[in-house]
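Presented below is the structure to which this report refers.
Quick note: the coordinates plus some simple rules give every number you see, no bench work behind them. Owing to the predicted nature of the structure, the values given are computational and were not obtained by experimental measurement. Every residue, glycine as well, gets a Cβ built from its backbone with ideal geometry; the counts of neighbours run over all protein chains shown.
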C-alpha cells in the first residue's frame with residue numbers, strides 16, 4: 001500500500017474496501033528538483049498529494065520578486081484551488097524543491113469519491129475547511145504578528161522543514177527579509193541559551 | 001420576499017419552492033452600530049448574512065492593535081468559519097459598523113439544505129471555494145503588492161464602501177498606515193487629474 005492509500009485509511013478514516021475501489025485508477029508522477037508542476041497563467045487540473053519529496057507554491061509580484069505561498073512535504077496536498085474550481089488562470093507556480101513523487105487528484109476523482117463514499121465526502125469537506133483555517137491564520141500573521149511569532153508558527157506547522165528549505169525561502173514565506181529572519185534566529189538561540 | 005430569499009433565488013439559483021421550504025425557520029436579528037456579534041474566545045455558531053447595514057471582522061495583535069479581516073455590506077456573508085466548523089475559540093471579533101439586520105445561518109440549516117437541495121449543495125460548495133479564492137488573493141496582496149495596488153483592489157471588491165467606512169479602517173484592512181493610504185489617495189487623484 002502506498003502513502004496516499006495509507007493516508008486515506010488512517011487520516012481520512014476511509015475503509016480499506018473503499019480505498020481500494022477509489023484509488024485503482026489514480027495516476028502518479030515524478031518530478032526532479034527544480035521542475036515546475038504548474039506555471040502562472042496555466043489552468044491547474046489537479047491537486048497534488050506528495051508521497052515523497054517536497055513542493056512549494058509561489059507567486060511573483062510586479063517587481064518580479066518571489067513570495068512563497070505554501071510548502072508541501074510528505075502527506076500534504078498542494079493546489080491552486082481557485083484555478084481548479086473556477087477554471088481561472090493560475091496566479092501561482094508549483095515547483096519541486098527536492099525530487100518528488102506525487103499522486104494526481106483530479107476533479108473526476110473527487111466527484112466519484114464524493115458520490116460513492118460518505119466518509120470521503122466528510123473528509124474532503126474537512127480538508128476544505130482546514131485549508132480555510134490555515135489561510136485565515138496566515139492572513140492574521142501577515143497583518144498582525146512580529147517576525148518572531150511568524151517564525152515560531154512556521155516551526156510548529158512545518159517542524160521537519162528547517163533543514164530542507166533554504167533560509168531565503170523561509171523568509172519569503174514569512175513575508176520578512178532574510179536579514180530579519182537571521183536576527184530572529186539569533187535572538188531565539190540566545191534566549192534558549194539563557195533559560196537552559 | 002426578503003433579501004436572503006431573493007439572494008438564494010437569483011444568485012444561488014435555487015427554485016422558489018426550495019427557497020420557501022428551506023427558509024421558513026430562519027432567524028433574523030438586528031444590531032446597533034458598535035455592537036459585537038462575535039467576541040474573541042467565543043465559539044461562532046452562525047454565518048451572518050447581511051440584509052441591511054454593514055459588518056466587519058477584526059482581530060487584535062499582541063500589542064492590542066486592530067486589524068480588519070473583512071467587511072460585509074448587504075448581500076455578503078461573514079463568519080469565523082474555523083470556529084463554526086472545528087468548534088475552535090474564535091480568534092476574531094465581528095462588529096456592526098452601521099445599524100445592521102442579519103439572517104443567522106447555522107450548521108443545522110446548512111446540513112438540511114445540503115440534504116434536500118442539490119442546487120444549494122452546489123451553491124454552498126461554490127461559496128466555500130469563493131472564500132478560498134478571496135483569501136488567496138488577500139495573501140498574495142499582503143505578501144507582494146504595493147499600497148496603491150492593494151487600495152485599487154479594495155475599491156474593486158467593495159465599490160460602495162469608500163464613503164461608509166472610516167479611512168483608518170480601510171488602512172487597517174489593507175495592512176498599511178493611514179498616512180500611506182492618504183498618500184496613495186492623493187497620488188491617484190493627482191494622476192486622474194493629469195490624464196483627464
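General observations
- Residue within segment A:77-96 that is under 25 Å from residue A:163 (Cβ atoms) and exposed (fewer than 15 other Cβ atoms within 10 Å of the Cβ) present: no
- Some residue of segment B:12-29 being surrounded by fewer than 18 Cβ atoms within 10 Å (Cβ to Cβ), out of contact with any strand residue (DSSP E or B) (no Cβ under 9 Å at 6 or more places or on another chain) and within 14 Å of chain A (Cβ to nearest Cβ): no
- Whichever residue in segment B:156-168 is in contact (Cβ under 8 Å) with a residue 24 or more places away in the chain and under 14 Å from the mean Cα position of the chain (by Cα) and, among such residues, is surrounded by the most Cβ atoms within 10 Å (Cβ to Cβ): B:165
- Enumerated strands (runs of 3 or more DSSP E) restricted to segment A:44-93, each holding at least 3 residues that are under 21 Å from residue A:138 (Cα atoms) and either within 12 Å of another protein chain (Cβ to nearest Cβ) or without any contact (Cβ under 8 Å) to a residue 24 or more places away in the chain (or both): A:55-60, A:66-72
Rundown of residues vs (1) more than 7 Å from chain A (Cβ to nearest Cβ); (2) surrounded by 17 or more Cβ atoms within 10 Å (Cβ to Cβ), yes/no style:
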residue: B:105; (1), (2): yes, yes
residue: B:111; (1), (2): yes, no
residue: B:116; (1), (2): yes, no
residue: B:123; (1), (2): yes, yes
residue: B:133; (1), (2): no, yes
residue: B:137; (1), (2): yes, no
residue: B:145; (1), (2): no, yes
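- The set of residues from segment A:1-24 being over 13 Å from residue A:49 (Cα atoms), outside any helix (DSSP H, G or I) and touching a residue at least 40 places away in the same chain (Cβ under 8 Å) comprises A:11, A:12, A:13, A:14, A:15.
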